[in-house]
Amino acid sequence: MTTRIKALELSRRLFEERGRPLLQQLDLLNVCAVGCFGGTSQNVQLDDDWSRDHMWGPYLTFVLKGEAYNEHVSALEKAIAKMPDEIDGVPWIGYDGPEPRRTGVQEAHSLLRLITGLEGPVDREEDWIPLIERNGFLGRRWTEQLFDAGQGAVFHGTWFEEMWRDWTKFVPINVKLALISRSVFRVWNAGPTYNLNRLIARRDPIGVLLCTSRFVDEVMELGFTLSDQFTPPFKWRSAHFQRISVFPKDVKTAIARLVEVKDVEEILSIAGFIESEIKSVLRSIFSVRCGQSTDLSMYAHAIKRKIRNKQVKEMTNLDWWVHLG
C-alpha cells in the first residue's frame, strides 16, 4: 500500500508556511537557501507506508554560505529551535518520535562535502579516476553516494541550486565511456555466454542464483550509466530502473521474469534475450562494428577504443586478472 502523502511536498509546504516567514523576520531571505538534500526515501520520492516508521516527514535544511553562515548561524538556529517540524497535522518522525530532529542549519560547502564526499566540483576527467574504485560503509559505491547527494529539492535559493547541481553533475564523456565499457564487460562476465552458462552446466544452483543476481545488477548499472545517471543504492535501484528509457520495455519485463523462473534453460533464454537487446542498443548509440553474434566482451573493447583521454583509457583495463594483486 502506498501512502498518498509525500514528505518532500510536506517539507515544501513547511517552508512556505513556517520557513519563509521565519527568514523574512530575520531579514535572511536573500542570503539563505532552504531545501531537503540527500538520498532518503522521501527525497527520491519513493516514500510509502513502510517509510513512515522512522526518519520521515516534514523538515528543512537551511543553508548559508561562508561569512553569512558565521554571521547568522546562531540567530537562525535559535529561531529554528522554536519552529515545529509539523505541517497539516503531520509531524517529523525520527528514530524515537520527533527525535533526532532533522531540521538544521548548514554551511553550503560543508554540506556539499558531507553528502558528496568530494572537496569540490570535479571538472577534469583525470580527477574522476581516484573515485572510480572507491567504496564506503556497507559497500556503498561512489556512484551511489553521488546519486544520493543529488536527491531532494531546493525550495528557495537559486544560488545554492547551482552549486548543488555543479557538485553532483554526471561524469564527462570519456569517463562515461570508461564506465560503460567496464559495465558492458561485467554484464558479459555474469551473462549467458560465460559464467551463467558454466554454473548451470556445473549444476550449482546457489552459484546460478548469485550469478543471475549479478547479471541483473550489472544490466541495471549499465542502463543508468547510458542514461547519464549515477546508480542508485540497491533498495531503490529497481524502482528507478523503471524510470529510465534507454532499454526497451521488453528488457524490463524480461528482468522481472528472470528473477522469478527456476528452470535453467528458461533462465539462459531470458538472459540471452536481454544480452541481445543490449547489443542492439550499443550498436545504435555507439555505432560499434560488432555483429549480433559477437561476444559482448568485444563490444566493451570497442567502446573503450572510443576513449580519447589517455589517462582515462589507461585506467579502463578490461583484463580482469590484472586487478588480482
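Rule-based calculations on the coordinates, nothing more; no lab input. Everything quoted here is computed from the prediction, not taken from an experiment. For neighbour counting, all protein chains shown are included, and Cβ atoms are generated from backbone atoms with ideal geometry for every residue, glycine included.
Return the lysines within reach of residue 310: Cα separation strictly under 24 angstrom, same-chain partners fewer than 8 residues apart disregarded; answer none if there are no such residues.
Qualifying lysines at Cα under 24 Å: 169, 176.
Within 10 Å of each residue's Cβ, count the other Cβ atoms and sort 95, 299, 194 from fewest upward.
95, 194, 299
Under the rule a/c < 1.5 gives rounded, and otherwise a/b versus b/c splits prolate from oblate, where does the stretch 160-259 land using the Cα gyration tensor?
prolate
Please arrange 260, 125 by how many other C-beta atoms lie within 10 Å of their C-beta, fewest to most.
So the ranking, lowest neighbour count to highest, is 260, 125.
Taking the chain as the reference, fit the longest principal axis to its C-alpha atoms, fit the long axis of helix 67-81 to the helix C-alpha atoms, and give the angle between the two in degrees, 0 to 90, nearest 10.
With both axes taken from Cα atoms, the answer is about 80 degrees.
Counting other C-beta atoms within 10 Å, which of 218, 16 has the fewest, and how do the rest follow?
Ranked by crowding around the Cβ, least crowded first: 16, 218.
If you average the sequence gap of Cα pairs under 8 Å that are 6 or more apart and divide by the length of the stretch 170-325, what percent do you get for the contact order?
Value for the stretch 170-325: 34 percent.
How big is the antiparallel share of DSSP beta bridges in the chain, given as a percent to the nearest 5?
75
Rounded to the nearest 500, what is the 222 nm mean residue ellipticity of the chain from helices alone, with -39500 (n - 2.57) per DSSP H run of 4+ residues and division by all residues?
Estimated from H runs of four or more residues: -15000 deg cm²/dmol.
Please determine, in degrees from 0 to 90 and to the nearest 10, the orientation of helix 158-167 with respect to the longest principal axis defined by the Cα atoms of the chain, where the helix direction is its Cα long axis.
With both axes taken from Cα atoms, the answer is about 30 degrees.
Going down the table (235/262; 252/306; 82/235; 6/65; 65/304), which pairs top 32 Å between alpha carbons?
Checking Cα-Cα distances, 82/235; 65/304 exceed 32 Å.
Please report the Cα spread of the chain along all three principal axes, rounded to whole Å, starting with the longest.
Principal axes ranked by extent give 69, 47, 36 Å for the Cα atoms.
Sequence gap at least 6, Cα distance under 8 Å: using those rules, report the relative contact order of the chain to the nearest whole percent.
Dividing the mean separation by the residue count of the chain yields 17 percent.
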